[in-house]
Structure formats: C-alpha cells, structure tokens
Amino acid sequence: MTTTTPITSTLTDEQQSVAGKALQDTLVDLIDLSLIAKQAHWNVVGKQFRSVHLDLDELVTVSREFTDAAAERATAIGVSPDGRAETVAKTAHTKGFGEGWTKDSDVVEAIVANLKAVVVGLRERIGVTEQADPVTQDLLISFASKLEQLHWMWQAQIA
C-alpha cells in the first residue's frame, strides 16, 4: 500500500512540481548512465582495455552517487522518486549502448554521446529550476560540473 503524501515540502505546489520533474528526469538519466557504463565495462575489448575499463568504474561510481543525491533531494521536497527499470527504460534521455563485445574506441564514442545527452538535459533543468528551487538548481549545477569534466576527459581519449 502506498501512502499518499507522508513527506511535505516548504515549496509551493508549483515549485515542487518543477523541481520534482527536474529531479526525476535527472534520476532516470543517471541510473541509465550507470547501467550503460557497467554494460560497457563488462564488454570493452581492445588495446586500451585497461584504462577504459577503469575509467568506466569511475563513471559508474559518480553516476550512482549523483543518483542517490537526486533521489534524496526529491524526497526532501516531498516527491517520491521513481527509479524502477520500466520507468528508466521509458523516460531516460540517454543514447544507450549495444550488446556484446565492443571495441574500446567505440565504447569511448558511446560514453561521450551518453555523457553529452545527460549534460544537455541537466543544463535545461538548471534553467527551469532557477526560480522554482535554487537548492535543486545548485545540486544540478554540481552534477553538470563533474559530468562536463568527465565528458572532456572521455573526449580527449579520441581527440
């Protein structure tokens, strides 16, 4: 049985709605990014296997930490986060990752594309949360800062 609203918010209904949607969209993107990175981690092959394999572990760790922070911020403002596989599959804005063994250079290109998709979404949400909830905006800014750094580092591998 689900309780309707056990957690209340200091935000107005409109602020809660805007911030809640931004956090939910971020949550599913980050969950999928961590799954994509893990799938790549298990299937990468090639001359750069070791370094790409280890870099993927870092990306998984960062994604999972950010996922938890986004979900906990949502709960703090009275929004129930939805990280179920079905929800992630239907709503994530990531680019995905194929099955099977994948050449290291193809893994890097896929990770760059997925990081870009996540950062683009974050930047949009940073804009819409500015007035609605600066605390959520600040959290999203911190995510974008780190993910943009990783995006640069992944791009540098194929430059």
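The values are calculated or read from the model by the stated rules, or taken from the named source; none is laboratory data. What you are looking at is a predicted structure, and each value in this text was computed from that prediction instead of being measured. Neighbour counts run over all protein chains shown; Cβ positions are idealised from the backbone, glycine included. These accessible areas exclude ligands, DNA and RNA; they are computed on the full protein's heavy atoms, side chains included. Shrake-Rupley method; radii C 1.70, N 1.55, O 1.52, S 1.80 Å.
Of note:
- Residue count for the range 88-137, restricted to those that are out of contact with any Lys or Arg (no Cβ under 9 Å at 6 or more places or on another chain), open to solvent by 20 Å² or more (accessible area, probe 1.4 Å), closer than 13 Å to Thr26 by Cα and part of a helix (DSSP H, G or I): 5
- For the range 52-63, the criterion of a residue being open to solvent by less than 30 Å² (accessible area, probe 1.4 Å) and outside any helix (DSSP H, G or I) is satisfied by no position.
- Filter result (part of a helix (DSSP H, G or I), open to solvent by 40 Å² or more (accessible area, probe 1.4 Å) and among the β-branched types (Val, Ile, Thr)) within the range 1-31: Val18
- Here Gln155 clears all of (1) open to solvent by 20 Å² or more (accessible area, probe 1.4 Å); (2) under 14 Å from Val28 (Cα atoms) except the condition numbered (2).
- Within the range 140-152, if we keep just the residues that are open to solvent by 40 Å² or more (accessible area, probe 1.4 Å) and of a type in the set (A, V, I, L, M, F, W, C), the residue that is farthest from Asp57 (Cα to Cα) turns out to be Ile141.
Listed here are the residues, each with its yes/no results for (1) at pLDDT below 95; (2) in contact with a Ser or Thr (Cβ under 6 Å, 6 or more places away or on another chain); (3) not β-branched (Val, Ile, Thr).
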position: Leu33; (1), (2), (3): no, yes, yes
position: Val60; (1), (2), (3): no, yes, no
position: Asp68; (1), (2), (3): no, no, yes
position: Glu72; (1), (2), (3): no, no, yes
position: Ala92; (1), (2), (3): no, no, yes
position: Glu99; (1), (2), (3): no, no, yes
position: Lys103; (1), (2), (3): no, no, yes
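- Qualifying positions in the range 72-87 - farther than 17 Å from Leu11 by Cα, assigned to a helix (DSSP H, G or I) and open to solvent by 30 Å² or more (accessible area, probe 1.4 Å): Ala85, Glu86
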